[in-house]
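Participant: Below you'll find the structure I mean.
The values are calculated or read from the model by the stated rules, or taken from the named source; none is laboratory data. Model, not experiment: these values are computed from the prediction. Cβ: placed from backbone, ideal geometry, glycine included. Neighbour counts: every protein chain shown.
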Amino acid sequence: MSYEPSDQLRQPVTAEPRWPMAAAVVVAITLAILRPGELRVAPSWVVPLVEVILLATLIANDPGGLDRRSSTLRAVSIAMVGLIVIDTLLGTGRLIAVLIDGGRTTNSADALLSAGALAWTSNLIAFALLYWLLDGGGAAARAQGMPRHLDLAFPQQLSPEIAPPDWRPRFIDYLYLGLTASTAFSPTDVMPLAAWAKICMGVQALISLAVLGLVVARAVNVLT
């Protein structure tokens, strides 16, 4: 989401390093390559190649800290994260269909557990990137100042006395948010305030619950 300058609290510019986000994208690409063939929606090289090109474009045009506001770079970031999220959701949907109807992946408990772990981890990273991209207008917008009306309320924002005056959520904070949403199936320390945040956290919790429940149940059935 985007915010007008008048909606921002005037705070010092605090640039976020790009490498944590870039590392997460590389992990997402690796997981997509490792996904079993029957769970892919395209040849194994197509989506990773596009994601590499988009990531390289971002790094080449803005190699420093994430504090440069650019509509072009914002569009590239949305395309990259959107592709990761869509590919992950489609792959997870294929996994759930295979778990229900049967397939090569379900013939072996080891292959099934491995596919389930890949899907669960892929969703964690995809949603962490989505939260990071949308909250407060993105990293570059957050570097200029947090909006008056928050999308996601972190403990440091609800209790400012426990954090430095210029504190901003960084990618590690959104990765932890994704982890807790995938394991607790509900908000923990970060409260979703905006409608999009509530929808994303709800969808992530349902996906995680479905993947874990169906994979474990099917693996027990295979083993017995």
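Participant: Take Ala126 and decide whether it is out of contact with any Asp or Glu (no Cβ under 9 Å at 6 or more places or on another chain), touching a residue at least 40 places away in the same chain (Cβ under 8 Å), small (Gly, Ala, Ser) and in a helix (DSSP H, G or I).
Facilitator: On the way: out of contact with any Asp or Glu (no Cβ under 9 Å at 6 or more places or on another chain): no; touching a residue at least 40 places away in the same chain (Cβ under 8 Å): yes; small (Gly, Ala, Ser): yes; in a helix (DSSP H, G or I): yes.
Taking the combined requirement at face value, the residue does not satisfy it.
Participant: Residue under question is Val190, and the condition is that it be under 20 Å from Ala97 (Cα atoms), in contact with a helix residue (DSSP H, G or I) (Cβ under 8 Å, 6 or more places away or on another chain) and among the hydrophobic types (A, V, I, L, M, F, W, C); does it hold?
Facilitator: On the way: under 20 Å from Ala97 (Cα atoms): no; in contact with a helix residue (DSSP H, G or I) (Cβ under 8 Å, 6 or more places away or on another chain): yes; among the hydrophobic types (A, V, I, L, M, F, W, C): yes.
Taking the combined requirement at face value, the residue does not satisfy it.
Participant: Working only within segment 67-91, note down all residues that are within 14 Å of the chain's Cα centre (by Cα) and not acidic (Asp, Glu).
Facilitator: Just the residues of segment 67-91 that are within 14 Å of the chain's Cα centre (by Cα), to begin with: 77-89.
Hits for segment 67-91 are Ser77, Ile78, Ala79, Met80, Val81, Gly82, Leu83, Ile84, Val85, Ile86, Thr88, Leu89.
Participant: Considering segment 1-50 alone, what residues qualify as being among the charged types (D, E, K, R), within 27 Å of Gln144 (Cα to Cα) and at pLDDT 85 or above? Give the steps one after another, and end with the answer.
Facilitator: Step one: list which residues in segment 1-50 are among the charged types (D, E, K, R), which gives 4, 7, 10, 16, 18, 35, 38, 40.
Subset that is within 27 Å of Gln144 (Cα to Cα): 4, 7, 10, 16, 18.
Across segment 1-50, the qualifying residue is only Arg18.
Participant: Let me ask something else. When you check Ile207 against the structure, is it among the β-branched types (Val, Ile, Thr), in contact with a Ser or Thr (Cβ under 9 Å, 6 or more places away or on another chain), touching a residue at least 12 places away in the same chain (Cβ under 8 Å) and under 23 Å from Leu73 (Cα atoms), yes or no? Walk me through it before giving the result.
Facilitator: Values: among the β-branched types (Val, Ile, Thr): yes; in contact with a Ser or Thr (Cβ under 9 Å, 6 or more places away or on another chain): yes; touching a residue at least 12 places away in the same chain (Cβ under 8 Å): yes; under 23 Å from Leu73 (Cα atoms): no.
For Ile207, the condition - among the β-branched types (Val, Ile, Thr), in contact with a Ser or Thr (Cβ under 9 Å, 6 or more places away or on another chain), touching a residue at least 12 places away in the same chain (Cβ under 8 Å) and under 23 Å from Leu73 (Cα atoms) - is not met.
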